Structures are given as C-alpha cells and as structure tokens.
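Here is the structure we will look at, set down as structure tokens.
Derivation of every value follows stated rules applied to the coordinates shown; laboratory data play no part. The shown structure was predicted, so the numbers you read here are calculated from the model rather than taken from an experiment. Cβ sites come from the backbone with ideal geometry, for glycine too, and all protein chains shown count toward neighbours.
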Amino acid sequence: MRDRTILIVGGGIGGLCTALALAKSGWQVRVLEQAPQFGAIGYGIQLGPNVAPMLAHIGVREEVIAASVIPGNVWMFDAFDGQPVTCVKTDAAFARRYGGNPYLVVHRVDLHNILVAACKRFANINLDEDAAVIAYEDHDDHVVVVTQDGRRVEGAIVIGADGIRSRLRNDIMGASDPVQTGYVAHRTIVPIEKAPKGLPLDDVVLWGGEGFHIVHYPLRDKTMFNIVAVFETQTFAEKMDVEAYRAELDRTYAQSQPVMKEMIAMLDLERRWPIGDRAPQRGWSKGRAVLMGDAAHATLQSYAQGAGMAVEDAIVLAALIDDCDGDFSAAFRAFEAERLVRTARIQLESRHLWEHYYHLGGIKAEVRNAGERARSHEEVWQCLDWIYKGAHVPEKGAVARYARG
Ligand SMILES: Cc1cc2nc3c(=O)[nH]c(=O)nc-3n(C[C@H](O)[C@H](O)[C@H](O)COP(=O)(O)OP(=O)(O)OC[C@H]3O[C@@H](n4cnc5c(N)ncnc54)[C@H](O)[C@@H]3O)c2cc1C
C-alpha cells in the first residue's frame, strides 16, 4: 500500500507538514504547488503553544523554535485611550502550563524554508513546482490530478491543501466563494530600529479600534519589526493606487493613538489582502479526495490559529491514513469527525471576536475594557486552554473505532 503515491495539492504550511508526516511513516508523497517555487510571502506568523508538539511529530520543532522569537506577552491595547485591554502572559509559566511549549512568532519564509528542507531530506517526497492543479478524476481505485499545462499525475488518493480559494473544494463540497468581511490587510516588515519609540518591542501587540486593528511583533532575533494593519473599507474588492490606499488609511486611523499613525506611515502599500473566511461546513471528503487546512475550514485571524489548525490537521490526517489499512474514505470520515468541532469553534469564535471584541468603539469598548481589565492572568489563560492544550492525535485503531460509531 505504502508504495502507492499520495498526492497533495498545495505546498503551503498544511501541505508540507502533511507530506512530512506521511513520509515519516514510509508513504510515497508528491506535492504539487502552483507557484514557480515552494515559498511563502515574506511576513510574520504567530504560532500558539499547540503547534510546537505537532512540529515535534515531524521532527522540526527545535529548528522552528530556534528560528522564532518567544515573546513575553501578547497584548491588546485600546487604539483610542492607548491603555492595555488584556494581556496573555507568554512567559516561562505559560510554557510550563502548555507542556513546555512556548508561544512563537516566526518569519513565514524561515518556517517555509525549514519545512521544504525537511521534505528534501526524504527520498519518498517529490516536490513539483509550477504545477497548478485544475481538476482531479476519481477512478475508484486511484485518482488522477490534471495540471494547467496538461500533465496527468496518478496517485492512490489526493489531499487538497490548496488554501482558502481551493480548487478541489469546488468538486468536493460544491463551488462557493470565501465570505468577505469587508476588511483588508496591509503587511510590512522594517528594521527594528525604525519601530516607533515607547512600544513594547519584545512582545506581540494588537491595537484595536472601531473598524480597524494593527498587530505588531519582532522577528529574526528581534532585528525586524512586523506590522499588519487591518481595516474595514467599502473598496475592499478594488485594486487602487498607493495614493488612494494612503488616503483611506489616514482617514481610518485619524482618531487613533499617535504611535499607530507612525506605524501606518511605514506601511508598504503596494499590495493588500482582502480578509475572508468560510463558514463551518461538513463534507470535507468525497471518495479518494479530502480537504485540509484553509481549504476545509478557513478562519479569520482573531486567534492567529489558521496555520496552527493546518499543522494540527496534517498530523491527525497522516495518523489516520496510516491507520486505515487501505480504506481511505474511512480515514477521511474519521478525520472530519476528529477535527470538525475544534476547527469550527475556531472559525465561529474568530468571527465573534472580530465583530464583538477587537473592533469596538464608544460604550461597547468601555464595557469590554472594564470586563477585561478585571481579569487575572490565570483567568485569561483558562479561556485559551482549549486551544493551547493542543489537539488529540488519534492512536492505532481509531479509524475502525470511528467506523463502528
Ligand atoms: C493577514 C493574515 C495574518 C495571518 N496570521 C496568522 C497567524 O499569525 N497565525 C496563524 O496560525 N495563521 C495566520 N493566518 C492564517 C494562515 O496564513 C492560513 O490559515 C494558513 O496559511 C493556511 O495554510 P494552508 O496550507 O491550509 O493554506 P495556504 O497557506 O493558503 O497554502 C495553500 C498553497 O496551495 C497552493 N495552491 C493553491 N491552489 C493551487 C492549485 N490549484 N494547484 C497547486 N497549488 C495550489 C498555494 O500557492 C499555496 O502554496 C493569517 C492570515 C492572514 C491573511
């Protein structure tokens, strides 16, 4: 069985982690990535302490931690009064609470390079670049994926790790677009010396106001400063010039703290990302094809857990494929049963936080602030335990147990 190739469409964080987890158990894996090179856009990413144990399964935990900054705190500040709203202490006691696993912030390029290098160490992983998949065919005992340039690639099964705009999702779950929030993000990295003075530069910070937020944190041994500015705009679906983007940002952040305006002035406005997600939905697989990561359950960034969920999916899906004795569709059903509630809770709570927590002004913000400022660090940790204590990785026999109900 293991000499039959497993095809993975998409070489993002989810696809590469799945390739590593399968290859470790001896499966032949082929990853088809549409981009000319396996890589990531060059901004930061936060990884909660639920991610490091998953990275340990694929042998890259220490390397990723070494490439990361471990912040002492994750703050939220009110963008109008400039005062802290809440703080997740991410110190040594935090790491102890979560099994010795720290909170990490890492450059996406560094994370990707670690995953690609790890894949290259496995002779049973093939990485195909410039391979945009446009369709797949299910032939009952095998699948064939078809690329834009006419290649036909055969495998035992296909895993759709092709992101929020997944092509495979259309075939498996029916065609639909992501749900747009009307918000967009601009992202920038500058040398840390250019960061505005007086900010907690060692920490992750979110400044929230009505209709906008800014997140910043250090990267690469604290030599770089990552800024993400997110705001609501009628023009979220339009491509405009830099001057028009600048005018929108100046209007949006006019009432915010001076330090936020300093960060806005530093943004690279060449590119912006419309922010969307998916509603939780069942039916992640059909026959010999299954979806994972953003393709199955894309979420808003409120918990900074989209990639975290993709990494967890990778380990769980590989464990179930390894356990299914050739009954792949049983493994896929077990995968959805194992992962649906956790990922749906992330999606639903992220929407709630987006609308009713991060982006408030006026009395609503005052009510939020009063409640949050009264909470202890322990209470804040307790609220996050369900995410940070991590995912269940199924043991041998799990597929059969799920099949019996
Ligand atoms: C502004 C912003 C900030 C975020 N911050 C965080 C954070 O701090 N922490 C966190 O955990 N998450 C964060 N996320 C979410 C995170 O980026 C995603 O959840 C994560 O990248 C999903 O991984 P994935 O592998 O499922 O999909 P993707 O990363 O989207 O990878 C999909 C891959 O598939 C390829 N592909 C797509 N279609 C095809 C095709 N037809 N054929 C071949 N290849 C294809 C793509 O090129 C890509 O390489 C953030 C997202 C945004 C927008």
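Cα convex hull of region 139-287: mean projected area in nm², to one decimal?
On the way: hull surface 50.6 nm².
Over all viewing directions, region 139-287 projects a mean Cα-hull area of 12.6 nm².
Taking every pair of alpha-carbon atoms in region 260-375, give the share separated by more than 21 Å as a whole percent.
Working: 3575 of 6670 pairs.
Of all Cα-Cα distances in region 260-375, 54 percent exceed 21 Å.
Using the Kirkwood formula on the Cα atoms of the chain, what hydrodynamic radius do you get, in angstrom to one decimal? Can you show the working numbers first?
Working: mean 1/r = 0.0456 Å⁻¹.
Final number for the Kirkwood radius of the chain is 22.0 Å.
Give me the orientation-averaged projected area of the Cα convex hull of region 208-268, in nm², one decimal.
Average projection, Cα convex hull of region 208-268: 4.7 nm².
Could you put Leu32, Leu206 in order, starting from the residue whose Cβ has the fewest other Cβ atoms within 10 Å?
Ranking Leu32, Leu206 by Cβ neighbours within 10 Å, fewest first, gives Leu206, Leu32.
What is the diffusion coefficient of region 264-306 in µm²/s, taking the Kirkwood radius over Cα pairs and the Stokes-Einstein relation at 10 °C with a viscosity of 1.306 mPa s?
Here the translational diffusion coefficient equals 122 µm²/s.
Determine, for Ser376, Ser350, the number of other Cβ atoms within 10 Å of each Cβ, and report the residues in order from fewest to most.
Numbers: Ser376 8, Ser350 20.
Lowest count first: Ser376, Ser350.
Considering amide H positions built from the backbone, and no H for Pro or chain starts, which residues 5 or more places from Met224, or on another chain, come under 5 Å of its amide H?
Here Ile192, Leu219 satisfy the definition.
What distance in nm separates the simple spin-label points at Asp327 and Ala344, each placed 7 Å from Cα in the Cβ direction?
2.4 nm
Could you compute the FRET efficiency for Ala132 and Ala66, with r as their C-beta to C-beta distance and R0 at 25 Å, rounded to 0.05?
0.15
Averaged over every viewing direction, what's the projected area of the C-alpha convex hull for region 269-333? Give it in nm², one decimal, please. Numbers along the way, then the final one.
Working: hull surface 22.6 nm².
In nm², the orientation-averaged hull projection of region 269-333 is 5.6.
With a point put 7 Å past each Cα toward its Cβ, work out how far Arg121 is from Lys389 in nm, to one decimal.
About 3.2 nm, to one decimal.
Could you work out how far the C-alpha centroid of region 240-295 sits from that of region 30-59, in angstrom?
The distance from the Cα centre of region 240-295 to that of region 30-59 comes to 20 Å.
Where does each of Lys194, Lys222 land when they are ranked from fewest to most other beta-carbon atoms within 10 angstrom?
Numbers: Lys194 10, Lys222 14.
Fewest-to-most ranking of Lys194, Lys222: Lys194, Lys222.
What are the principal axis extents of the Cα atoms in region 240-299, in Å, biggest first?
The Cα atoms of region 240-299 stretch 54, 24, 15 Å along the principal axes, largest first.
Which whole-Hz ³J(HN,Hα) couplings does region 176-192 yield from phi under the Karplus relation 6.51 cos²θ - 1.76 cosθ + 1.60, θ = phi - 60°, glycine and proline marked x?
With coefficients 6.51, -1.76 and 1.60, one gets 7, 8, x, 8, 7, 8, x, 9, 10, 10, 10, 10, 8, 10, 10, x, 4 Hz.
Report D for region 332-405 in µm² per second (integer): Stokes-Einstein, Kirkwood Rh on Cα pairs, 20 °C, 1.002 mPa s.
Value of D from the Cα-based Kirkwood radius: 140 µm²/s.
Pairs of Cα atoms under 8 Å, at least six residues apart: use those to get the relative contact order of the chain, whole percent. Write out the running numbers ahead of the final one.
On the way: 813 pairs, mean separation 85.3, N = 405.
Once normalised by length, the contact order is 21 percent.
Looking only at region 9-37, which residues have a backbone nitrogen under 17 Å from a spot 7 Å from the Cα of His142 in the C-beta direction?
28-31
Compute the distance in nm between two label points, each set 7 Å from the Cα along the Cα-to-Cβ direction, one at Arg404 and one at Asp81.
5.7 nm
Can you compute the label reach from Thr223? Point 7 Å from Cα along the Cβ direction, backbone N cut-off under 19 Å, restricted to region 17-57.
42-45
Once all Cα-Cα distances of region 28-134 are split into 10 Å bins that start at 0, what whole-number percent is in each one?
13, 34, 29, 16, 7, 1
Note the full-extension length gain between His356 and Lys24 as 0.36 nm times their separation in residues minus their Cα-Cα distance, in nm to one decimal. Write down the numbers at each step before the final one.
On the way: separation 332, 0.36 × 332 = 119.52 nm, distance 4.28 nm.
Difference between extended and current length: 115.2 nm.
With each run of n ≥ 4 DSSP H residues scored as -39500 (n - 2.57), what mean residue ellipticity at 222 nm is computed for the chain after dividing by its residue count and rounding to the nearest 500 deg cm²/dmol? Each step should come with its number before you reach the end.
On the way: 14 runs with 149 residues, N = 405.
Mean residue ellipticity, 222 nm, calculated: -11000 deg cm²/dmol.
Using only Cα positions of region 106-180, each an equal point scatterer, no hydration layer, compute I(q)/I(0) via Debye at q = 0.11, 0.24, 0.25, 0.27 Å⁻¹ and quote the log10 values to two decimals.
The Debye formula, applied to the Cα set alone, gives -0.39, -1.18, -1.20, -1.24.
For Asp91 and Asn113 in one chain, what is 0.36 nm times their gap in residues minus the Cα-Cα distance, to one decimal in nm? Walk me through the numbers on the way to the answer.
Values: separation 22, 0.36 × 22 = 7.92 nm, distance 2.71 nm.
Taking 0.36 nm per residue and subtracting the Cα distance, the gain is 5.2 nm.
Tell me, what is the percent relative contact order of region 238-361, built from C-alpha pairs under 8 Å that lie six or more residues apart? Intermediate values should be presented prior to the final figure.
Working: 101 pairs, mean separation 30.0, N = 124.
This gives 24 percent for region 238-361.
Work out the charge dipole of region 51-204 with +1 on the Cβ of Lys and Arg and -1 on the Cβ of Asp and Glu about the Cα centre, then indicate which of Asn124, Val146, Ser68 is farthest towards its positive end.
Working it through, the farthest residue towards the positive pole turns out to be Ser68.
Using the structure shown, select from Lys194/Lys239; Lys24/Lys194; Lys239/Lys389; Lys120/Lys261 the pairs with a Cα to Cα distance greater than 32 angstrom. Display every interim value, and only then the final one.
Working: Lys194/Lys239 28 Å; Lys24/Lys194 43 Å; Lys239/Lys389 41 Å; Lys120/Lys261 44 Å.
From the list (Lys194/Lys239; Lys24/Lys194; Lys239/Lys389; Lys120/Lys261), the Cα-Cα distance tops 32 Å for Lys24/Lys194; Lys239/Lys389; Lys120/Lys261.
Hey, with R₀ at 41 Å, roughly what FRET efficiency would Ile192 and Asp149 work out to, going by the Cβ-Cβ distance, to 0.05? Kindly include the intermediate steps, with their values, before the conclusion.
Values: r = 43 Å, r/R0 = 1.04.
Computed FRET efficiency for Ile192 and Asp149: 0.45.
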